[in-house]
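Asker: Here it is, the structure in full.
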Amino acid sequence: MAESDSVYRSKSAPARIPSDHPVFSLGNQDSNMTTNRQTSQALSLPIKSVNKIQTYVIWSGFNLLFLPFGILCCYFSYRVNQFKMQNRYEMAKKWSQRTFVLNIITTLIMIGFIITVVMLHYDHEQRQQVLQRNQTQTTMAYILWQPGR
């Protein structure tokens, strides 16, 4: 009779589980069902600390010198900080990585822009000196940009 009870069990009756096996709950058990000794003990997963995740706020603030991308960098840092405050490790880590990549790209673009401006200014000064020397000798047409000279 014990075998027939286990085979023809009603759906409302809880299943009989031996006490030596661990029980994992999916949270869909009845609230009035008696819990086993193993189910009452919570399985604790290691909680990852959000304090170790970088926000890159200072770097983003430095990138504000290059306005369009600097504002975006600050926004990304703000989002990382929000997720850290909410203790959402995965989202904070993902946004931290995005912030890091965006800060690198912004810094490289800013350095390239500064080098370009300095080189164009130097070229302009050199042309002005040549023009001043040539004005005393002959008049020459001034072409603003001569590629391949």
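Asker: Quick check of the Kirkwood formula: for segment 53-130, what is the inverse mean of 1/r over all pairs of different Cα atoms, in Å?
Answerer: Across segment 53-130, the inverse of the average 1/r is 13.8 Å.
Asker: To continue, here is another question. Which of the listed residues, Ile53, Gln86, Leu67, is farthest toward the dipole's positive end in segment 53-130, when Lys, Arg count +1 and Asp, Glu count -1 at the beta-carbon?
Answerer: Going by the Cα projections, it comes out as Gln86.
Readers should treat all values here as calculations from the given coordinates under stated rules, not as data from a laboratory. A quick note: this is a predicted structure, and the numbers were derived from the prediction, not measured. Cβ: placed from backbone, ideal geometry, glycine included. Neighbour counts: every protein chain shown.
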